[in-house]
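The values are calculated or read from the model by the stated rules, or taken from the named source; none is laboratory data. Since the model is a prediction, treat every value here as computed from it, not as a measurement. Cβ: placed from backbone, ideal geometry, glycine included. Neighbour counts: every protein chain shown.
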There are 2 protein chains.
Amino acid sequence: MARIVMKFGGTSMAGTERIRRVANIVRKQAEGGNEVAVVVSAMAGETDRLVNFCREANPLYDPAEYDAVVSSGEQVTSGLLALTLQAMGCKARSWLGWQVPIKTFSVHANARIDDFDASRLVEHMQAGEIAVIPGFQGLSEDGRISTMGRGGSDTSAVAIAAAVGADRCDIYTDVDGVYTTDPRIVARAQKQKYVTYEEMLELASVGAKVLQTRSVSLAMKRNVRVQVLSSFVDDDAPSADTLPGTMIVSEEEMDDILKEQKMERQTVTGIALDKNEARVVLTRVPDKPGAVAEIFLPLGEAGINVDMIIQNVGRDKGETDVTFTVPQAELARAQALLENLKEKIGYNRIITDANVAKVSVVGMGMKSHTGVAASMFKALADRGINVQAISTSEIKISVLIDADETELAVRVLHTAYGLDAKDEAA
Amino acid sequence: MARIVMKFGGTSMAGTERIRRVANIVRKQAEGGNEVAVVVSAMAGETDRLVNFCREANPLYDPAEYDAVVSSGEQVTSGLLALTLQAMGCKARSWLGWQVPIKTFSVHANARIDDFDASRLVEHMQAGEIAVIPGFQGLSEDGRISTMGRGGSDTSAVAIAAAVGADRCDIYTDVDGVYTTDPRIVARAQKQKYVTYEEMLELASVGAKVLQTRSVSLAMKRNVRVQVLSSFVDDDAPSADTLPGTMIVSEEEMDDILKEQKMERQTVTGIALDKNEARVVLTRVPDKPGAVAEIFLPLGEAGINVDMIIQNVGRDKGETDVTFTVPQAELARAQALLENLKEKIGYNRIITDANVAKVSVVGMGMKSHTGVAASMFKALADRGINVQAISTSEIKISVLIDADETELAVRVLHTAYGLDAKDEAA
């Protein structure tokens, strides 16, 4: 017997038939003697419809009213799932954000949750009642509905799992786990049984869209065991207890698992790609103290997220080329802003290129293994792939390359780090 | 300067453009220096969509979950109207039922509101902020969302008008007032400037669908001045202050108005029709004490609303035919129930007929005028219309006739009671 939080996304909740499928998965967990809370998204497409209504009503919308409107999508699906569970003979009720209440702080439309008092919820769960909770919403400090930004339901689920002290938070999605890389690109990609929070965080932040980044960092902070698994499995498939998906665990738990299975930690556990970056080059920037700050401070103040930064030595003394990346969606804004600052910064030309991709290798093993970066550059160079920029963290190396070479680079690296599945498993 | 509650139905709220139209009407009232609260319905069709989802999820749905689902329709439109008003430069915010809170009692899905503390609402209205309130919903005693049954938004509006002490409750609808009868049947029907609560109540209960019956009785009880007017008027049309619709007032106020205008009270002010009744005849029921109770007690216990009742003397001594009407929607259930009780009641045959209509004449003047019923029967008899049953109240006479003769009967009576518009007004 365990206490479990289950989360289902919009595709799983799209319509009566799919909700019945979800209810079946939930019922099995409840009938197995577990205490269950379910967190649900709005039906696929519904949030977009509601956001559009808000935009039409008022392009500069008041986030508090936006929250009242868009939160209704999850309100509907949580009521419908409770009704469907009841039709199957389960005890169930919906708990809207303000009823729990899931107190949030910070602003409307981008609210945060951390901890909240879930004692009433737990009481009902202990009495055998399935709690159905709309994701993405809470009660703001001003006593109104707040929402947590697109994709916020994952974070809701993790926060609820922490608050009720759940043994596990199962995130049901349209993929059946975390793979070594995107299986649509590499047919021999392997599903991973375990990934650490740190690895998942790096993977999420560089384009692996399995989980929302914020949900992973909250899980790490609150030490919630998160499992990613598919809601599109046959009714006869093994239940969640037999671990068909990927479990996200702490580094300590991972060490214990490896020790038990007498396995070595892999150097690289995942390869992610991100085609949403654009490259900006400012040529012949004066090479003097404070010059770089003149570039990046205004971008930061405008809320434009700068990622990779490289400073090349220029052709002339006292000058340097500065290269960096920004999200493609922000490129036009960044360019306009920098053009306004041309004299102040003192650069010569601005060159932009949206046809770039960021490929990242991630793995806890990098902490103890050396030469990971060197082997990456060699593997890419052997296939003639030019690296335009590099950025690294303790467990991640990212390179910026020509977008046309993305899939090739991913495949080359997948093989180079020994991640390809063996023939019998492929 | 006045404090006004305005209510808009689903047709007026169906889509961005119509909501903008509504916002314009509201803005004019606010710019006139009035304190304004607006009560809104869900977009036309939305509540049906949500009710269908509930039925698909669970045919025997839990009313508390049903309420959580269907209340979302009004939540959306109230947020959107607030956003639209803000876009026009008005101060506005939405107040969901649980935020006011509009406390309700009795059961889910058919909750009632009477009085509630509206002091926070009034504070905001006094500060010049337009309050936008979803109709049809409140906060139930168990701390969850409650809804008030289909059409409950009229009742919400009246209850809110009473709670904030409004000078007037304007109900905007797809007709522009209360007519002497349905203008689609009688081209010379006239819009009435004033109607009393009692008359409106009788008209609403016999098929004039302008206002929900419960909202009229609440208005009468709490003495709220209700005005019915159309939301589909040109932007240049006279504003609500110039009384383009019909005002529903107390008998005393009506007397004052008539005195001031040196007018006599009309005997009959409205003619309504209702094609949703069905006739049931039980033949040769034993004519003994308690026999009739054997028929009507079980129907009452089954929640079947019996309206007109006639007892004819039968052909044989000691027996009688009993005729009554039930709603057509309940006919099958009533018939099954009575067939089960055939031996106990001791009747001979059961005859049913759904091809009947109830035509009613309503007017406060009946209290002081005699002969109203006699002139009704004579007018109908002159055109060969057979009356199958009669029921009366202090200010209403209803007759049951063949459904095919409904429109003819309405026209005959409209002329007979002098309600036809003069040529110049037609």
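Could you check residue A:383 against (1) more than 25 Å from residue A:324 (Cα to Cα); (2) basic (Lys, Arg); (3) over 26 Å from the mean Cα position of the chain (by Cα) and say which number it fails?
(1)
Listed here are the residues, each with its yes/no results for (1) over 25 Å from the mean Cα position of the chain (by Cα); (2) at pLDDT 90 or above; (3) of a type in the set (Lys, Arg).
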position: A:270; (1), (2), (3): no, yes, no
position: A:279; (1), (2), (3): no, yes, yes
position: A:283; (1), (2), (3): yes, yes, no
position: A:297; (1), (2), (3): yes, yes, no
position: A:301; (1), (2), (3): no, no, no
position: A:304; (1), (2), (3): no, no, no
position: A:313; (1), (2), (3): yes, no, no
position: A:365; (1), (2), (3): no, no, no
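Mind listing whichever residues of segment A:70-116 are among the polar types (S, T, N, Q), at pLDDT below 95 and surrounded by 19 or more Cβ atoms within 10 Å (Cβ to Cβ)?
Of everything in segment A:70-116, just one residue is among the polar types (S, T, N, Q), at pLDDT below 95 and surrounded by 19 or more Cβ atoms within 10 Å (Cβ to Cβ), namely A:104.
Given the conditions (1) in a strand (DSSP E or B); (2) under 30 Å from residue A:258 (Cβ atoms); (3) charged (D, E, K, R), which single one is not true for residue A:411?
Going through (1) in a strand (DSSP E or B); (2) under 30 Å from residue A:258 (Cβ atoms); (3) charged (D, E, K, R) one by one, residue A:411 breaks only (1).
Mind telling me which of the residues A:26, A:51 ends up being within 26 Å of residue B:134 (Cβ to Cβ) and β-branched (Val, Ile, Thr)?
A:51
Please tell me if residue A:93 is touching a helix residue (DSSP H, G or I) at 6+ places or on another chain (Cβ under 7 Å) and in a strand (DSSP E or B).
In short, yes.
Would you say residue A:103 is charged (D, E, K, R), in contact with a strand residue (DSSP E or B) (Cβ under 9 Å, 6 or more places away or on another chain) and away from chain B (no Cβ under 14 Å)?
When the stated conditions are applied, residue A:103 passes them.
Give A:226, A:186 a once-over and let me know the one that is under 25 Å from residue A:264 (Cα atoms) and out of contact with any strand residue (DSSP E or B) (no Cβ under 6 Å at 6 or more places or on another chain).
A:186
Anything in segment A:1-21 that is within 14 Å of chain B (Cβ to nearest Cβ) and either among the acidic types (Asp, Glu) or surrounded by fewer than 22 Cβ atoms within 10 Å (Cβ to Cβ) (or both)? List them, or say none.
Within segment A:1-21, A:14, A:15, A:16, A:17, A:18, A:20, A:21 meet the criteria.
Residues are listed down the side, and each one gets a yes or a no for (1) of a type in the set (A, V, I, L, M); (2) loosely packed, with under 13 Cβ neighbours inside 10 Å; (3) under 30 Å from residue A:254 (Cβ atoms):
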{"position": "A:290", "(1), (2), (3)": "no, yes, no"}
{"position": "A:295", "(1), (2), (3)": "yes, no, no"}
{"position": "A:311", "(1), (2), (3)": "no, no, no"}
{"position": "A:327", "(1), (2), (3)": "no, no, no"}
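Only one residue in B:378, B:396, B:422, B:317 is out of contact with any Pro (no Cβ under 9 Å at 6 or more places or on another chain), surrounded by 13 or more Cβ atoms within 10 Å (Cβ to Cβ) and basic (Lys, Arg). Which one?
Details: B:378 fails: surrounded by 13 or more Cβ atoms within 10 Å (Cβ to Cβ); B:422 fails: surrounded by 13 or more Cβ atoms within 10 Å (Cβ to Cβ); B:317 fails: surrounded by 13 or more Cβ atoms within 10 Å (Cβ to Cβ).
On inspection, the qualifying residue turns out to be B:396.
I'd like to verify a number: residues in segment B:167-203 that are over 30 Å from residue B:30 (Cβ atoms) and hydrophobic (A, V, I, L, M, F, W, C), how many?
6
Tell me which residues, restricted to segment B:33-90, are at the interface with another protein chain (Cβ under 8 Å from one of its Cβ atoms) and among the β-branched types (Val, Ile, Thr).
Result: B:69, B:76, B:84.
Go through segment B:244-354 and tell me which helices (runs of 4 or more DSSP H), entirely inside it, have 1 or more residues that are in contact with a Leu (Cβ under 9 Å, 6 or more places away or on another chain).
Passing ranges, in order: B:291-301, B:331-340, B:342-345.
Take segment A:39-56 and flag every residue that is of a type outside the set (Val, Ile, Thr) and part of a helix (DSSP H, G or I).
A:46, A:48, A:49, A:50, A:52, A:53, A:54, A:55, A:56
The conditions are (1) assigned to a loop (DSSP other than H, G, I, E, B); (2) closer than 30 Å to residue B:19 by Cα; (3) not hydrophobic (A, V, I, L, M, F, W, C), and residue A:66 fails exactly one of them. Which is it?
(1)
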